[in-house]
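Structure first, then comments.
Readers should treat all values here as calculations from the given coordinates under stated rules, not as data from a laboratory. The structure displayed is predicted, hence computed values, not measured ones. Reconstructed Cβ throughout: ideal geometry from the backbone, glycine too, with neighbour counts over all protein chains shown.
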Amino acid sequence: MGALIGGIIAVVLGIWGLARWFALFVKGLQAAVPFFLLLGGIIAIAAGISDIKDRMEEQREKEKEKEKEQKAETSASEGQTK
């Protein structure tokens, strides 16, 4: 019950504060939105680079597996010819 009453009080104070200082709220948004876009862009770039590195590592592992298979086939075929 206390959380409900506290939530109602917080909403009422939030609406009152937003109405009273709306101009400052808009200025805060003007400052915050570019910052969060910049931060989100940096995170997206880092995630993209990480994804590319993971794909390259997967490709290297597949190539190593193919080389091992080829060596195994070569040694198996050499064993059959002897």
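For the pair Ile45 and Glu69 in one chain, pulling the backbone fully straight at 0.36 nm per residue adds 5.0 nm over the alpha carbon distance. Roughly how tilted is helix 22-81, in degrees to the nearest 10 and between 0 and 90, from the longest Cα axis of the chain? Once rounded, one gets 10 degrees. The simple spin-label model puts a point 7 Å past each Cα toward its Cβ; for Ala3 and Ile52 those points are separated by 4.5 nm. From the coordinates of this entry, Kirkwood radius over Cα pairs in Å is computed, and it appears in [x] 19.1; [y] 13.6; [z] 16.0 under the label [x].
Calculated mean residue ellipticity at 222 nm for the chain: -35500 deg cm²/dmol, from DSSP H runs with n ≥ 4 weighted as -39500 (n - 2.57), summed, divided by the residue count and rounded to 500.
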